[in-house]
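The values are calculated or read from the model by the stated rules, or taken from the named source; none is laboratory data. If you're wondering where the values come from, they're calculated on a predicted model, not measured in any experiment. Note that we place each Cβ from the backbone using ideal geometry, even for glycine, and neighbour counts take in every protein chain shown. For the accessible areas, the whole protein counts, side chains as well, though only heavy atoms, and no ligand, DNA or RNA atoms are used. Shrake-Rupley method; radii C 1.70, N 1.55, O 1.52, S 1.80 Å.
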Amino acid sequence: MKFKLLFLFFICSLGLYSQVDSIPAVAQDSLQKRIKKAGKKKETDSVAITIEDYKIISYARDTTYLDTTLSIQKEYKYNYLRKDNFELMPFSNVGQPYNSLGHEYDRTSLYPAIGATAKHFNYQETQDIAYYNVATPMTDLFFKTTFEQGQLLDAMLTFNTSRRFNVSIAYKGFRSLGKYQWSQVKSGNFRTTLNYVTENGRYRIRAHWTSQEIEGEENGGISNKELQFESKDPEFSDRSRIDVFFTDAQNKLIGKRYYLDHQYRLFNKKSDSLSLIDNYLALGHVFTYESKNYQFGQTNENPYFGEAFLTPISDRANLKTMYNEINAEFSNKTLGVLKGLVGLYNYNYFFNSIVINDTGEIPNKLQGDEIALGARYTKKIGGFELDGGISYALTGSLTGNIFDATASFRINPRNVLSASINSSSRMPDFNYLLYQSSYENYNWLNTERFEKEQISSLEVNFDSQFWGQLSAKYTTTGNYTYFASLAGEEQIENNQENAFIKPLQEENSVDYLKVKYTKEFKYKKWALANTLMYQNVGQTNQVLNVPAFVTRNTLYFSSHVFKKAMFLQTGITFKYFSTYTMDAYNPLLAEFYVQNREEIGGYPLLDFFINAKVKTARIYLKAEHFNSSFMENNFYSAPNYPYRDFVIRFGLVWNFFS
């Protein structure tokens, strides 16, 4: 039914909006369309609309404009997440979890999340929602093939009733059966936004509503990898013949969110709502209500997870949160922008029963209120810019504080140097603190045993148009919290490692260094894009595992063809990461856990692509992991979870304008 609605949405978009024929296939993609001016001008007056009149506004209020060009960065982002996944390792099927090749531990929220992080890669949080300010209605369509019996489509329509009132509606839906048994994944992400500014610029409001559901079948991985996968036996070239641990489990993440952010400026110097206002005093209010639940179900008890209290398995964790913030913001051209706030956070994390076992009684919920104060300051002086913020909890047991600051200096138009620090203290996610399951070993309460995680980081960045982009980041974590298996050798040999998963906290500090360098070399119509990452971990016990070296190199050719009617890019991407003890995946918790017995990596991933741009349509064709057909079957995304085989996929991204 969801895909029928998406198809209807696509047809309506084609009928209501036609592509502007005069858009040339050049980088700036100017829209040479004339429209009448609004306001007091005569009807004969008109103004030229360019692509820069189609603005995209982020959660942090950074404004960019629609980009319909074709570049190697667009190639990297043409995937299920629509983000560059350089530091991620996807599983065999679209929509399944991603293992991490690198980590970011800086926190922007004072409050713990529900957990099930492996299920959240495609879940759009508050800071992921974009707002729009467009001159005319615009449609963005994203399509890509998946693996067996399914497609991926992300459709967005944004329009305005006036220059100051913009609305968007979008739906991302997909289904993919997958190559292995019981690995089907499907999801639906609906979101709608509102962005409005009054004519005098004093009142501003933005809001969104999201409804998201991400569901997948879980098989526990392949159970006989040596004979059926690594041997390259032709009998198992059809991956659906390979045995898996179980074929009756599934997990699901469902979430709904209401968000409102509005502000009234008591005075301002300028009345143009679309220009930067230098001097104002404003009062604001932010409201967020979100409900999430994570479910795991299994028809029969399986020794893979240990013994169960009852069957069928039907686990469900719920989290309902409400956040209210009152803030005041003062802006002055000379003094900068200063914002102060007070926030009230209400949470209710709960299950449907109380568990009594050998360790005692495990309650069914954690709930309470947290009050926090915060401030933020921004100032720009010439080429120097300073931005910093602090939040501090006055009441409550979950949170502590967050402090972050960034200073940047534009040496010249081609070189920027910046440094940032981040420090936070808060409890780990809720599923570390309290969890309940029909499986006996997946019940725990750690609110008294666990301490707040202390995370501090220092990062330096140098961004140069000539030298490239270099970043170095050092992070130290106290009370590092993680999942690990306490199984012995006998249990591991009997494939019962997941029956002994527990949340743990490291007493010693964990120090993590990440250095990343990006540089592209160009010669005529050829280019070589390079991204390299080096990582090192200092730790007493091996609780954080990352590859020492990750690289991605793309050699590609770009040219206009057919009398410049089409812009073409084609090339080969090479990706490699050194061997390390990669984290294993637990489907009951939808979390990755630390394992130190099996090394994975040391194999190349080669992709061949041909991409083309015709007006505002970008067409993509890729042969993914084509070297798998002539190399050993030693490519894994996690222990017992192979990476995908050679496959050819295609799709497009297309923008329509009224």
Region 435-494: strands (runs of 3 or more DSSP E) wholly inside it with 1 or more residues that are open to solvent by less than 70 Å² (accessible area, probe 1.4 Å) and among the charged types (D, E, K, R) are 453-464, 468-478
Evaluate region 547-570: report whether one residue or more is of a type outside the set (Lys, Arg), under 30 Å from residue 485 (Cβ atoms) and open to solvent by less than 10 Å² (accessible area, probe 1.4 Å). yes
Filter region 135-153 down to residues that are touching an Asp or Glu at 6+ places or on another chain (Cβ under 9 Å) and within 19 Å of residue 57 (Cα to Cα), then give me how many there are. 4
Among (1) closer than 24 Å to residue 591 by Cβ; (2) surrounded by fewer than 18 Cβ atoms within 10 Å (Cβ to Cβ); (3) modelled with pLDDT under 95, residue 380 falls short only on (1)
Within region 77-110, residues open to solvent by less than 30 Å² (accessible area, probe 1.4 Å) and of a type in the set (Phe, Trp, Tyr) come out as 78, 80, 86, 91, 98
Consider region 221-252. How many of its residues are open to solvent by less than 30 Å² (accessible area, probe 1.4 Å), part of a strand (DSSP E or B) and either among the small types (Gly, Ala, Ser) or more than 18 Å from residue 640 (Cβ to Cβ) (or both)? 1
Quick one: which strands (runs of 3 or more DSSP E) sit completely within region 346-418 and have at least 2 residues that are free of Cβ contacts under 8 Å to residues at least 40 places away in the same chain and within 22 Å of residue 321 (Cβ to Cβ)? 365-381, 384-395
So which of 314, 331 is among the hydroxyl-bearing types (Ser, Thr, Tyr), open to solvent by 70 Å² or more (accessible area, probe 1.4 Å) and part of a strand (DSSP E or B)? 314
Can residue 177 be described as hydrophobic (A, V, I, L, M, F, W, C), out of contact with any strand residue (DSSP E or B) (no Cβ under 8 Å at 6 or more places or on another chain) and over 17 Å from residue 131 (Cβ atoms)? yes
From the options 611, 541, 553, residue that is of a type in the set (S, T, N, Q) and farther than 28 Å from residue 144 by Cβ: 541
Name the pairs: first residue in region 582-608 and closer than 17 Å to residue 644 by Cα, second residue open to solvent by less than 30 Å² (accessible area, probe 1.4 Å) and of a type in the set (D, E, K, R), Cβ to Cβ under 7 Å, at least 6 apart or on different chains? 605/575; 607/624
Taking the stated definitions as given, is residue 288 surrounded by 15 or more Cβ atoms within 10 Å (Cβ to Cβ) and among the β-branched types (Val, Ile, Thr)? yes
Can you spot a residue in region 144-157 that is over 30 Å from residue 434 (Cβ atoms), modelled with pLDDT under 95 and crowded, with 22+ Cβ neighbours inside 10 Å? yes
Looking at (1) under 30 Å from residue 297 (Cβ atoms); (2) out of contact with any Lys or Arg (no Cβ under 6 Å at 6 or more places or on another chain); (3) buried (at least 17 other Cβ atoms within 10 Å of the Cβ), find the lone condition where residue 406 falls short. (1)
When residues of region 190-220 are limited to those that are part of a loop (DSSP other than H, G, I, E, B) and small (Gly, Ala, Ser), the one surrounded by the fewest Cβ atoms within 10 Å (Cβ to Cβ): 201
Is it fair to say residue 81 is among the hydrophobic types (A, V, I, L, M, F, W, C), out of contact with any Lys or Arg (no Cβ under 9 Å at 6 or more places or on another chain) and without any contact (Cβ under 8 Å) to a residue 40 or more places away in the chain? no
Quick one: residue 613 ticks every box in (1) out of contact with any strand residue (DSSP E or B) (no Cβ under 6 Å at 6 or more places or on another chain); (2) open to solvent by less than 30 Å² (accessible area, probe 1.4 Å); (3) among the charged types (D, E, K, R) except a single one, so which number is it? (1)
Looking at region 131-189, what strands (runs of 3 or more DSSP E) fall wholly within it and have at least 3 residues that are in contact with a Gly (Cβ under 9 Å, 6 or more places away or on another chain) and touching a residue at least 40 places away in the same chain (Cβ under 8 Å)? 138-145, 151-162, 165-176
Within region 440-467, tally of residues that are farther than 15 Å from residue 537 by Cα and in contact (Cβ under 8 Å) with a residue 60 or more places away in the chain: 7
Answer yes or no as to whether residue 323 is assigned to a loop (DSSP other than H, G, I, E, B), at pLDDT 95 or above and open to solvent by less than 80 Å² (accessible area, probe 1.4 Å). no
Tell me which of these residue 626 doesn't satisfy, since it passes every other one: (1) at pLDDT below 95; (2) aromatic (Phe, Trp, Tyr); (3) crowded, with 17+ Cβ neighbours inside 10 Å. (1)
Here are some conditions: (1) closer than 22 Å to residue 441 by Cα; (2) touching a Leu at 6+ places or on another chain (Cβ under 9 Å); (3) at pLDDT below 95. Residue 313 meets all but one. Which one does it not meet? (3)
